[in-house]
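The values are calculated or read from the model by the stated rules, or taken from the named source; none is laboratory data. Keep in mind the model is a prediction, meaning the values are calculated, not measured. Cβ sites come from the backbone with ideal geometry, for glycine too, and all protein chains shown count toward neighbours. When the accessible area is computed, the model is the full protein with side chains, heavy atoms only, and any ligands, DNA or RNA have been set aside. Shrake-Rupley method; radii C 1.70, N 1.55, O 1.52, S 1.80 Å.
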Amino acid sequence: MGVTPKIAPSMLSSDFANLASEAHRMLNDGADWLHMDIMDGHFVPNLTIGAPVIESLRKHTEAYLDCHLMVTNPLDYVEPLRKAGASGFTFHIETSKDNWSELVQRIKSGGMTPGVALKPGTPVEEIYPLVEAENPVELVLVMTVEPGFGGQKFMPEMMNKVRMLRQKYPSLNIEVDGGLGPSTIGTAASAGANCIVAGSSVFGAPKPAEVISLMRKSVEKAQQTS
Ligand code: DX5
Ligand code: ZN
(Lines give C-alpha, C1' and ligand atoms only; values in the text may rest on other atoms or scores of the structure.)
(Ligands and ions follow the chains in the order given, each with its own letter.)
Protein backbone atom coordinates (compact mmCIF):
# COMPACT_ATOMS: atom_id res chain seq x y z
CA MET A 1 0.00 0.00 0.00
CA GLY A 2 1.39 3.39 -1.00
CA VAL A 3 -0.03 5.33 1.92
CA THR A 4 1.92 6.12 5.07
CA PRO A 5 0.50 6.46 8.59
CA LYS A 6 -0.07 10.05 9.68
CA ILE A 7 -0.92 10.64 13.31
CA ALA A 8 -2.54 14.03 13.75
CA PRO A 9 -3.32 15.26 17.27
CA SER A 10 -6.34 17.55 17.24
CA MET A 11 -5.24 20.89 18.69
CA LEU A 12 -8.87 21.47 19.70
CA SER A 13 -8.02 19.48 22.82
CA SER A 14 -4.89 21.51 23.54
CA ASP A 15 -4.53 24.52 25.79
CA PHE A 16 -5.27 27.25 23.24
CA ALA A 17 -3.61 29.81 25.48
CA ASN A 18 -0.32 27.96 24.92
CA LEU A 19 -0.81 26.80 21.36
CA ALA A 20 2.81 26.97 20.20
CA SER A 21 4.19 25.02 23.13
CA GLU A 22 1.37 22.49 22.85
CA ALA A 23 2.24 22.04 19.17
CA HIS A 24 5.93 21.54 19.96
CA ARG A 25 5.04 19.05 22.66
CA MET A 26 2.98 16.97 20.21
CA LEU A 27 5.69 17.05 17.55
CA ASN A 28 8.31 16.00 20.09
CA ASP A 29 5.97 13.20 21.11
CA GLY A 30 5.92 11.86 17.54
CA ALA A 31 3.00 13.61 15.82
CA ASP A 32 3.22 13.76 12.00
CA TRP A 33 0.61 16.44 11.46
CA LEU A 34 -1.21 18.99 13.61
CA HIS A 35 -4.96 18.84 13.05
CA MET A 36 -6.56 22.29 13.21
CA ASP A 37 -10.34 22.42 13.64
CA ILE A 38 -11.76 25.58 12.11
CA MET A 39 -15.43 26.07 13.08
CA ASP A 40 -17.65 29.03 12.26
CA GLY A 41 -20.49 28.61 14.77
CA HIS A 42 -22.85 28.11 11.82
CA PHE A 43 -22.02 24.87 10.02
CA VAL A 44 -21.45 23.44 13.49
CA PRO A 45 -22.67 24.79 16.85
CA ASN A 46 -19.20 25.72 18.04
CA LEU A 47 -16.74 28.49 17.24
CA THR A 48 -13.00 27.89 17.35
CA ILE A 49 -10.15 29.42 15.38
CA GLY A 50 -9.52 30.95 11.96
CA ALA A 51 -6.72 32.18 9.74
CA PRO A 52 -5.21 34.63 12.29
CA VAL A 53 -4.47 31.79 14.70
CA ILE A 54 -3.03 29.60 11.93
CA GLU A 55 -0.81 32.53 10.95
CA SER A 56 0.39 32.96 14.53
CA LEU A 57 1.13 29.26 14.92
CA ARG A 58 2.92 29.10 11.57
CA LYS A 59 5.53 31.52 12.96
CA HIS A 60 6.44 28.88 15.55
CA THR A 61 6.50 25.68 13.50
CA GLU A 62 7.11 24.30 10.03
CA ALA A 63 4.84 21.32 10.73
CA TYR A 64 2.09 20.20 8.38
CA LEU A 65 -1.04 22.05 9.50
CA ASP A 66 -3.98 19.81 8.59
CA CYS A 67 -6.89 22.25 8.53
CA HIS A 68 -10.43 20.85 8.84
CA LEU A 69 -12.95 23.45 7.73
CA MET A 70 -16.27 23.09 9.52
CA VAL A 71 -17.63 26.25 7.95
CA THR A 72 -20.57 27.10 5.71
CA ASN A 73 -18.52 28.99 3.10
CA PRO A 74 -15.14 27.28 2.68
CA LEU A 75 -14.37 29.22 -0.50
CA ASP A 76 -14.07 32.40 1.57
CA TYR A 77 -11.33 30.77 3.64
CA VAL A 78 -9.00 29.66 0.82
CA GLU A 79 -7.09 32.90 0.37
CA PRO A 80 -6.83 33.80 4.09
CA LEU A 81 -5.61 30.30 4.95
CA ARG A 82 -3.13 30.24 2.09
CA LYS A 83 -1.64 33.51 3.35
CA ALA A 84 -1.66 32.19 6.91
CA GLY A 85 0.42 29.16 5.94
CA ALA A 86 -2.08 26.28 6.08
CA SER A 87 -0.85 22.98 4.59
CA GLY A 88 -3.96 20.86 4.11
CA PHE A 89 -7.40 22.33 3.40
CA THR A 90 -10.21 19.85 4.00
CA PHE A 91 -13.73 21.11 3.37
CA HIS A 92 -17.08 19.40 3.96
CA ILE A 93 -18.95 18.04 0.95
CA GLU A 94 -22.26 19.06 2.59
CA THR A 95 -21.31 22.73 2.08
CA SER A 96 -19.86 22.41 -1.39
CA LYS A 97 -22.02 20.15 -3.54
CA ASP A 98 -22.24 22.73 -6.33
CA ASN A 99 -18.79 24.28 -6.31
CA TRP A 100 -16.32 21.61 -5.16
CA SER A 101 -14.49 21.64 -8.45
CA GLU A 102 -13.69 25.35 -8.24
CA LEU A 103 -12.85 24.98 -4.58
CA VAL A 104 -10.36 22.14 -5.20
CA GLN A 105 -8.73 24.13 -7.97
CA ARG A 106 -8.35 27.22 -5.79
CA ILE A 107 -6.93 25.19 -2.90
CA LYS A 108 -4.36 23.61 -5.21
CA SER A 109 -3.36 26.86 -6.85
CA GLY A 110 -2.84 28.22 -3.36
CA GLY A 111 -0.26 25.47 -2.80
CA MET A 112 -2.39 23.62 -0.24
CA THR A 113 -3.48 19.97 -0.32
CA PRO A 114 -7.20 19.56 -0.98
CA GLY A 115 -9.27 17.16 1.09
CA VAL A 116 -12.97 16.47 1.47
CA ALA A 117 -14.79 15.52 4.68
CA LEU A 118 -18.15 13.85 5.14
CA LYS A 119 -20.50 13.89 8.11
CA PRO A 120 -21.81 10.60 9.52
CA GLY A 121 -25.15 10.99 7.70
CA THR A 122 -23.60 11.60 4.28
CA PRO A 123 -23.28 8.57 1.98
CA VAL A 124 -19.73 7.80 0.90
CA GLU A 125 -20.75 7.62 -2.77
CA GLU A 126 -21.11 11.41 -2.74
CA ILE A 127 -17.38 11.91 -2.67
CA TYR A 128 -16.40 9.41 -5.39
CA PRO A 129 -16.59 12.08 -8.12
CA LEU A 130 -14.14 14.26 -6.17
CA VAL A 131 -11.58 11.47 -5.95
CA GLU A 132 -12.02 10.55 -9.60
CA ALA A 133 -12.00 14.11 -10.95
CA GLU A 134 -9.29 15.36 -13.29
CA ASN A 135 -8.25 17.66 -10.46
CA PRO A 136 -8.90 15.32 -7.52
CA VAL A 137 -8.93 15.71 -3.76
CA GLU A 138 -5.94 14.00 -2.17
CA LEU A 139 -7.52 13.07 1.14
CA VAL A 140 -10.94 11.92 2.32
CA LEU A 141 -11.88 12.57 5.94
CA VAL A 142 -14.53 10.19 7.24
CA MET A 143 -16.10 11.75 10.35
CA THR A 144 -16.58 9.17 13.07
CA VAL A 145 -18.59 11.58 15.27
CA GLU A 146 -20.91 14.48 14.47
CA PRO A 147 -18.55 17.41 13.84
CA GLY A 148 -18.41 20.20 16.40
CA PHE A 149 -16.86 18.95 19.59
CA GLY A 150 -14.04 16.82 20.91
CA GLY A 151 -14.53 13.99 23.36
CA GLN A 152 -17.44 12.21 21.66
CA LYS A 153 -17.95 8.49 21.18
CA PHE A 154 -16.50 6.78 18.09
CA MET A 155 -19.15 5.49 15.62
CA PRO A 156 -17.92 2.06 14.41
CA GLU A 157 -20.65 1.92 11.77
CA MET A 158 -18.66 4.52 9.81
CA MET A 159 -16.04 1.86 9.08
CA ASN A 160 -18.10 0.64 6.13
CA LYS A 161 -17.28 3.94 4.43
CA VAL A 162 -13.59 3.52 5.16
CA ARG A 163 -13.59 -0.07 3.85
CA MET A 164 -15.37 0.93 0.65
CA LEU A 165 -12.95 3.79 0.05
CA ARG A 166 -9.87 1.66 0.72
CA GLN A 167 -11.09 -1.07 -1.60
CA LYS A 168 -11.76 1.39 -4.39
CA TYR A 169 -8.72 3.66 -3.89
CA PRO A 170 -5.67 1.76 -2.56
CA SER A 171 -3.39 4.81 -2.55
CA LEU A 172 -5.80 7.44 -1.19
CA ASN A 173 -5.16 9.16 2.12
CA ILE A 174 -8.13 8.17 4.28
CA GLU A 175 -8.47 10.12 7.52
CA VAL A 176 -10.73 9.35 10.46
CA ASP A 177 -11.69 11.95 13.04
CA GLY A 178 -13.66 11.59 16.26
CA GLY A 179 -13.34 9.25 19.21
CA LEU A 180 -10.05 7.71 18.09
CA GLY A 181 -7.75 6.33 20.76
CA PRO A 182 -6.23 3.07 22.00
CA SER A 183 -9.61 1.31 22.21
CA THR A 184 -10.84 2.24 18.71
CA ILE A 185 -7.68 2.49 16.60
CA GLY A 186 -7.66 -1.23 15.75
CA THR A 187 -11.09 -1.02 14.15
CA ALA A 188 -10.18 2.08 12.13
CA ALA A 189 -6.79 0.77 11.07
CA SER A 190 -8.07 -2.60 9.91
CA ALA A 191 -10.82 -0.88 7.91
CA GLY A 192 -8.05 0.92 6.03
CA ALA A 193 -7.65 4.39 7.58
CA ASN A 194 -4.08 5.72 7.50
CA CYS A 195 -4.49 9.29 8.78
CA ILE A 196 -5.62 9.32 12.38
CA VAL A 197 -6.93 12.42 14.16
CA ALA A 198 -7.10 12.17 17.93
CA GLY A 199 -7.81 14.90 20.45
CA SER A 200 -8.91 13.87 23.91
CA SER A 201 -7.18 10.47 23.89
CA VAL A 202 -3.80 12.08 23.18
CA PHE A 203 -4.04 15.27 25.23
CA GLY A 204 -5.75 13.44 28.09
CA ALA A 205 -3.06 10.77 28.32
CA PRO A 206 -0.32 10.93 30.96
CA LYS A 207 2.15 10.08 28.16
CA PRO A 208 0.85 11.28 24.78
CA ALA A 209 3.94 9.79 23.06
CA GLU A 210 2.76 6.31 24.01
CA VAL A 211 -0.69 6.84 22.54
CA ILE A 212 0.76 8.29 19.33
CA SER A 213 3.17 5.39 18.98
CA LEU A 214 0.47 2.80 19.69
CA MET A 215 -1.75 4.29 16.99
CA ARG A 216 1.08 4.37 14.46
CA LYS A 217 1.92 0.73 15.14
CA SER A 218 -1.71 -0.24 14.76
CA VAL A 219 -1.90 1.38 11.29
CA GLU A 220 1.41 -0.20 10.25
CA LYS A 221 0.31 -3.63 11.43
CA ALA A 222 -3.00 -3.40 9.60
CA GLN A 223 -1.19 -2.38 6.43
CA GLN A 224 1.17 -5.35 6.65
CA THR A 225 -1.66 -7.83 7.03
CA SER A 226 -3.93 -6.34 4.37
C1 DX5 B 1 -14.72 17.32 15.93
C2 DX5 B 1 -13.34 17.60 15.43
C3 DX5 B 1 -12.29 16.68 15.90
C4 DX5 B 1 -12.12 16.61 17.40
C5 DX5 B 1 -11.72 15.22 17.73
O6 DX5 B 1 -15.62 18.08 15.23
O7 DX5 B 1 -13.33 17.55 14.00
O8 DX5 B 1 -11.04 16.91 15.25
O9 DX5 B 1 -11.18 17.50 17.92
O10 DX5 B 1 -11.63 15.08 19.11
P11 DX5 B 1 -11.67 13.66 19.85
O12 DX5 B 1 -10.47 12.90 19.37
O13 DX5 B 1 -11.61 14.04 21.27
O14 DX5 B 1 -12.94 12.98 19.45
ZN1 ZN C 1 -11.38 17.64 12.93
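To the nearest 20 Debye, how big is the dipole of the range 6-225 about its Cα centre, given +1 on the beta carbon of each Lys and Arg and -1 on that of each Asp and Glu?
So the dipole magnitude of the range 6-225 works out to roughly 520 debye.
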**Message:** I need the Kirkwood Rh of the chain: take the reciprocal of the average 1/r across all distinct C-alpha pairs and report it in angstrom.
**Reply:** 17.2
**Message:** Given a 1.4 Å probe and heavy atoms of the protein chains only, how would you sort F43, F16, largest accessible area at the top?
**Reply:** F16, F43
**Asked** Gain in length, E157 to E220, computed as 0.36 nm per residue apart minus the alpha-carbon separation, to one decimal in nm?
**Response** 20.5 nm
**Asked** Any idea of D15's accessible area? Nearest 10 Å², probe 1.4 Å.
**Response** 70
**Fill in**
Sequence order, the range 134-145: Karplus ³J(HN,Hα) from phi using 6.51 cos²θ - 1.76 cosθ + 1.60, θ = phi - 60°, Hz rounded, Gly and Pro as x, gives 4, 10, x, 6, 10, 8, 10, 9, 8, 5, 10, 8
**Message:** As I understand it, the dipole of the range 6-225 uses +1 on the Cβ of Lys and Arg and -1 on the Cβ of Asp and Glu, about the Cα centre. Which of G121, G85, L172 lies farthest toward its positive end?
**Reply:** L172
**Complete:** Violations at 18 Å Cα threshold for listed pairs K153/K217; K6/K221; K119/K168; K119/K153; K83/K119; K6/K83 -> K153/K217; K119/K168; K83/K119; K6/K83
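How big is D for the range 59-184, in µm² s⁻¹ as a whole number, if Stokes-Einstein is applied with the Kirkwood radius of its Cα pairs at 37 °C and 0.692 mPa s?
Value of D from the Cα-based Kirkwood radius: 219 µm²/s.
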**Fill in**
Of the candidates A198, G110, F149, the farthest towards the positive dipole end of the chain (Lys/Arg Cβ +1, Asp/Glu Cβ -1, centred on the Cα centre) is A198
**Message:** In Å², and per residue, what accessible area does the chain have when probed at 1.4 Å with the other protein chains present?
**Reply:** 43
**Ranking by accessible area, most exposed first, for E146, E62, E22 with a 1.4 Å probe** = E62, E146, E22
**Message:** List the residues, sorted by chain then number, that are 5 or more residues from A117 or on another chain and whose placed amide H is less than 5 Å from its amide H.
**Reply:** F91, H92, I93, L141
**Fill in**
Taking every DSSP bridge whose two residues both lie in the range 37-163, the antiparallel percent to the nearest 5 is 5
**Message:** As a test question: what accessible area, to the nearest 10 Å², does V124 have when a 1.4 Å probe is rolled over all protein chains in place?
**Reply:** 10
